[in-house]
Every structure is written in structure tokens, then in C-alpha cells.
Amino acid sequence: MSSTAGSNGRAAAPGAPTADPLVPLAALPGVPEAVESVRTSVDRVYGHRIMRRRSSEVSAEAALRGARASAAVDGADWALEEVRRRSDFGSESEARTVGAALRVTAESGQLLDIWKQSPLRVLARLHLVAASGSAPDETVGRPRRPGEPVAGPELGVELPGADEVAARLDGLAQLLTADSAAPALVTAAVVHGELQVLRPFGSYNGPVARAAERIVLVGSGLDPKAICPAEVGYAELGRESYTTALADYASGTPEGMSRWIAHCGRAVELGARESTAVCEALQRGAA
């Protein structure tokens, strides 16, 4: 994982002698502006009059749209109404991808308290929920071991070995349980980027990474009602933009980290815009 700029222009690894290694990321060029823009967008949708009396409906719709979009990022780009009406998600590859995204999104809302004490337990649970019935039992809910393959869409970044994955997961957990003072967007972007680059599980790493980002955004208080689905933004920005931004994160450079955080920020803003549209539809009686 990349945390603070070192003398070689790359970010220091977990364990570097920095009191709060996520905080320097918030000062990278463009990041303060992204943080402020996200806060403005989130505040705007929370201030909508519909949120005063129908916030649970907006949250439910945001969860559905977020799950649909998360699956779309991984290649299963189904129409929203198809996801809404479908009950069988185990018949073929795309259906399993959509089903995994729906299950993980629903489960993530139940794990906030555990996340604060043991993020690795939460990640294991999310993978268990995602891969249920579609992966060998002995590989579900645990990080991959040396020689085990990783299924899923190609990300265009080198796959770390199992030993590196274990070390970096431990470092990530230490950062998260240390209660960083970094803005929620920065922490969420690092969690998402690290999990996607590591691909710690044998399958469904994308839905798990995006659900973990969702947990950070909700648990931090930035989006406590989970109404700003960043997944919608990633899908709208497109797969190519997503993988390019992940390569920026994987580069470990300050410039790359800044671009990845800005990409995540834009995704949250687009998620907020989606829920604003839902609020407007509810207000008109069209939803």
C-alpha cells in the first residue's frame, strides 16, 4: 500500500515511521479539492426535503443501484429493472456476479461495528457472502495461498504474491484500527485501491473492495445512511477509467495516489447525484 511520499517519489509501505500515514495523502495536489467537493455533494443530497421523511426508501434504492453498478464494473451490466425483478442469480456467470454484488452490498450494512475492531474479519465475511455456492469451500472467506489462482476481470496491474498479500492486509488492518485522522474519502480510497490491487481472495475481489469502501464512507459519518453509492460513479465513469485509476494507485507515486483519490471522489459525487435524482422522483411521485 502507498501512504506517504518517500525519497524515491514512491509512497512508504505500512509500518513506515509516520504517526498517521494516511494524513499526508490528504495534502497531495488536488486531494483537498476532491474532499471538499465530495462533502458538498453529499451535504446537498442529505439536505433534500425527501430525506426528512423517506430516507429509508432512498437508502434502499441506493443499495440496489450500487449493487447493480458494482456488478456492471465487473462486466455484468444488467438493466436496473432486470436486477429488481430477478430472483435467480446462480444460473450463469453474469447472474452470479450480480448476485454476489447484491449479497455483499446488503451484508456490508450489518458489519460496521465489527469493522472498527477487526476489518479482516469483515473482509472474510464479505467474501464468504459473495462466493457462497460458487467457489470451493476451502477457499472461501480466507486470503489466497501460494499458487492459488484468482478469478475475475483483468485489472492490468501485477498480481502480488500470497506472502505480500498477507503482509499488506495486516498493514491495512493496523491503519484502520488506529483511527486515522485522514478524511473519509482518503481512507475509503486507500481501502478500495489496496484490496483491488492485492486481490486477496480467489474470486469476487471487486465486490468486496467496493463494499469495504462503502463501509468506510458510512462508518466515518460522511454518508451515514448509505445514500451516495460510489459504485454508480465507477460504472458511469467506465471500466477503462477505473482500471487506469487503479494503475495509478498501484504505481505508489504521489501523483498516482492523487489521481486515484480524485477518481474515487468523482465516483462518490456521481453516486450522490444518482440519489438526488431518486429524491426528485419520489417527490414527484414517480418512484
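Overview of results
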| read-out | value |
| --- | --- |
| Mean Kyte hydropathy of -1.0 or more with a Cα span along the axis of at least 24 Å, helices from DSSP in the chain | 55-73, 254-284 |
| For region 31-124: accessible area per residue (Å², 1.4 Å) | 50 |
| Accessible-area composition of the chain, carbon plus sulfur, in percent [1.4 Å probe] | 50 |
| Region 42-185: relative contact order in percent, alpha carbon pairs under 8 Å with at least 6 residues between | 17 |
| Potential extension, residue 94-residue 54 segment - 0.36 nm per residue separation minus Cα distance | 11.2 nm |
| Principal axis box of region 202-281, alpha-carbon based, largest edge first, Å | 40, 24, 23 |
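The values are calculated or read from the model by the stated rules, or taken from the named source; none is laboratory data. Computed from a predicted structure; not experimentally measured. Heavy atoms of the whole protein, side chains included, go into the accessibility calculation; ligands, DNA and RNA do not. Shrake-Rupley method; radii C 1.70, N 1.55, O 1.52, S 1.80 Å.
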